[in-house]
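The values are calculated or read from the model by the stated rules, or taken from the named source; none is laboratory data. None of the values given here were measured: they were computed from a predicted structure. Cβ: placed from backbone, ideal geometry, glycine included. Neighbour counts: every protein chain shown. The protein model used for the area step is the full one, side chains on, heavy atoms only, and it has no ligands, DNA or RNA in it. Shrake-Rupley method; radii C 1.70, N 1.55, O 1.52, S 1.80 Å.
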Amino acid sequence: MKQCTHADALPLPDPEPRSETCPECLRDGTHPVQLRLCLTCGHVGCCDSSPGRHATEHHKDSGHPIMRTHEPGENWRWCFVDHVLV
């Protein structure tokens, strides 16, 4: 089973969110479907079901490997590089 090779490098504790919602969606006038939190810098972006796919865009632009859900009641993490749940 493939494992994430990036989780050990994450800051502890998780970074504080830099915003309450996806700033790119606010800028573009679109509605984020679900939010994701970058575990390297605290950027909040929308998921791939949103029109902008801003969490994935943030990963592509920054190289930051892991995000977690930023939705109430959910608790999972995704590594964009290794394509696995962490």
Open item on the list: When you check Cys38 against the structure, is it open to solvent by less than 20 Å² (accessible area, probe 1.4 Å), within 23 Å of Gly73 (Cβ to Cβ) and without any contact (Cβ under 8 Å) to a residue 24 or more places away in the chain, yes or no?
Closed with: no
Open item on the list: Checking the conditions here, which among Asp8, Asp14 is free of Cβ contacts under 8 Å to residues at least 60 places away in the same chain, in contact with a strand residue (DSSP E or B) (Cβ under 8 Å, 6 or more places away or on another chain), among the acidic types (Asp, Glu) and within 17 Å of Val86 (Cα to Cα)?
Closed with: Asp14
Task: Scan of region 51-86 for residues that are open to solvent by 50 Å² or more (accessible area, probe 1.4 Å), under 18 Å from Ser19 (Cβ atoms) and assigned to a strand (DSSP E or B), ordered by number - done: Arg68
TODO: Kindly check whether there is at least one residue in region 7-26 that is of a type in the set (Asp, Glu) and surrounded by 18 or more Cβ atoms within 10 Å (Cβ to Cβ).
DONE: yes
Open item on the list: Please go through region 43-77 and give me each residue that is farther than 19 Å from Leu10 by Cα and either touching a Leu at 6+ places or on another chain (Cβ under 8 Å) or touching a residue at least 60 places away in the same chain (Cβ under 8 Å) (or both), ordered by number.
Closed with: Cys46, Cys47, Glu71
- [ ] Could you look through region 30-47, keep only residues that are in a loop (DSSP other than H, G, I, E, B) and closer than 17 Å to Asp82 by Cβ, and pick out the one that is nearest to the chain's Cα centre (by Cα)?
- [x] Leu39
TODO: Any chance you could count how many residues in region 9-29 are in a loop (DSSP other than H, G, I, E, B) and either under 14 Å from Val44 (Cβ atoms) or within 14 Å of the chain's Cα centre (by Cα) (or both)?
DONE: 10
